[in-house]
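So the structure is just underneath, and the comments pick up after that.
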Amino acid sequence: MYQNQETLCPKCGSSDLGKGKQNGYAALHPVNKMSFGSDIEYIICTKCGYIIEGYVKKPEKFKGTMY
Ligand SMILES: [Zn+2]
């Protein structure tokens with residue numbers, strides 16, 4: 001992978017990508033923790049709708065939720 005290479009959708013090959021955001025009630029919440037959730041940001045193919053990448057905006061909130 002080259003740094004400046006254009007990202008293509010692995011499903012349909014389109015380079016027409018968009019950015020989406022999930023917040024409010026759709027935010028991702030840590031398991032077993034009384035805590036506010038974190039917004040999620042997505043890189044989405046605007047042609048077929050495939051989610052190429054998804055980022056939790058505050059990953060530190062999910063530390064220690066596995067055990
Ligand atoms: Zn696609």
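The values are calculated or read from the model by the stated rules, or taken from the named source; none is laboratory data. Just so we're clear, the structure is a prediction, and the values are computed from it rather than from any experiment. Cβ coordinates were reconstructed from backbone atoms using ideal geometry, including for glycine residues, and neighbour counts include every protein chain displayed.
Quick notes
- Here Gly49 meets the list (1) more than 17 Å from the chain's Cα centre (by Cα); (2) within 16 Å of the ligand (Cβ to nearest atom); (3) without any contact (Cβ under 8 Å) to a residue 12 or more places away in the chain almost entirely, failing just condition (1).
- Conditions (1) surrounded by 11 or more Cβ atoms within 10 Å (Cβ to Cβ); (2) over 30 Å from Leu8 (Cβ atoms); number of the one not met by Met66: (1)
- Close pairs from the range 5-30: first within 10 Å of Cys48 (Cα to Cα) and at pLDDT 95 or above, partner among the polar types (S, T, N, Q) and surrounded by fewer than 12 Cβ atoms within 10 Å (Cβ to Cβ), Cβ under 8 Å, at least 6 apart: Cys9/Ser15
- Number of the exception - Glu60 against (1) acidic (Asp, Glu); (2) under 14 Å from the mean Cα position of the chain (by Cα); (3) more than 16 Å from the ligand (Cβ to nearest atom): (2)
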